[in-house]
1. How much accessible area per residue does segment 23-87 have, counting only protein heavy atoms and a probe of 1.4 Å, in square angstrom?
2. Which GluC sites (Glu not before Pro) does segment 1-61 hold that lie in a coil by DSSP with at most 15 other beta carbons within 10 Å?
3. Output the pairs from LYS85/LYS137; LYS104/LYS138; LYS54/LYS85; LYS54/LYS138 with a Cα-Cα distance over 18 Å in this structure; if there are none, say none.
4. Suppose R0 equals 30 Å; then what is the FRET efficiency for PHE76 and GLN10 from their Cβ-Cβ distance, rounded to the nearest 0.05?
5. Over all alpha-carbon pairs of the chain, lay out the pair-distance distribution in 10 Å bins, whole %, shortest bin first.
6. Once you order the gyration tensor axes a ≥ b ≥ c over the Cα atoms, which shape class does segment 41-111 get: rounded for a/c under 1.5, otherwise prolate or oblate by comparing a/b with b/c?
7. FRET efficiency for GLU115 and VAL47, Cβ-Cβ distance as r, R0 = 35 Å, nearest 0.05?
8. List the trypsin sites (Lys or Arg not before Pro) within segment 68-155 that fall in a DSSP loop (any state other than H, G, I, E or B) and whose Cβ has at most 15 other Cβ atoms within 10 Å.
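The values are calculated or read from the model by the stated rules, or taken from the named source; none is laboratory data. Only a predicted model underlies this, so the values are computations on that prediction, with no experimental measurement involved. A quick note on method: Cβ atoms are made from the backbone with ideal geometry, for glycine too, and the neighbour counts reach across all protein chains shown. Calculation scope for accessible area: heavy atoms of the full protein, side chains included, ligands and nucleic acids excluded. Shrake-Rupley method; radii C 1.70, N 1.55, O 1.52, S 1.80 Å.
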Amino acid sequence: IDIKILEVLQREGDITNVKLAELVGLSPSPCLQRVRRLRKSGYISDVTAILNLKKIANYVTVYCQIRLSEQTMRQFSIFEAALAKIPEAVECGMTGGEYDYLVKFVARDMEHFSELSTLMMEMDIGIKNISFNVEVKKVKNAFEMPLRSLLEKKE
């Protein structure tokens, strides 16, 4: 039942408790208790609105692969703290392989992105090089995690 609740909440974060209870086969009170427990236990970390950015502003999405000059905990911490202060860097993950980080930027245009990448290089945060790709077309943008397939047991 908890998985059903999480699946529904991923799709409809603003659903009423009554409707959620109906969809997962519970009465409202136990459903609310389960949702509260899932929040308290950290299974639900936040609830937010997903904006249709195309309706708000023109923008480009740029994916950057960043290699640091040193692969040390100290250097990683310096880079991550600096990146956290750049609002246009909307996602970042440390990666294995040729590059240390994959960062997703949302900028007004390529000139704006160029300013951001120049700023990062001048911040003295250990960047050795930056490689980037510009998104031409969004093919898939899933916010719903595939819970059932992640939880499937292999036999």
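1. Working: 4690 Å² over 65 residues.
That works out to 72 Å² for each residue.
2. Values: sites: GLU7, GLU12, GLU22; in loops: GLU12.
Within segment 1-61, the qualifying GluC sites (Glu not before Pro) (loop, at most 15 other Cβ atoms within 10 Å) are GLU12.
3. Details: LYS85/LYS137 27 Å; LYS104/LYS138 13 Å; LYS54/LYS85 24 Å; LYS54/LYS138 12 Å.
Long pairs (Cα-Cα over 18 Å): LYS85/LYS137; LYS54/LYS85.
4. Numbers: r = 31 Å, r/R0 = 1.02.
Computed FRET efficiency for PHE76 and GLN10: 0.50.
5. Each 10 Å bin holds this share of Cα pairs: 9, 29, 24, 24, 13, 2.
6. Working: a/c = 2.39, a/b = 1.33, b/c = 1.80.
Verdict is oblate for segment 41-111.
7. On the way: r = 33 Å, r/R0 = 0.95.
The value I calculate is 0.60.
8. Numbers: sites: ARG74, LYS85, LYS104, ARG108, LYS128, LYS137, LYS138, LYS140, ARG148, LYS153, LYS154; in loops: LYS85, ARG108, LYS137, LYS138, LYS140, LYS153, LYS154.
When the trypsin sites (Lys or Arg not before Pro) of segment 68-155 are filtered for loop state and at most 15 Cβ neighbours within 10 Å, LYS85, ARG108, LYS137, LYS138, LYS140, LYS153, LYS154 remain.
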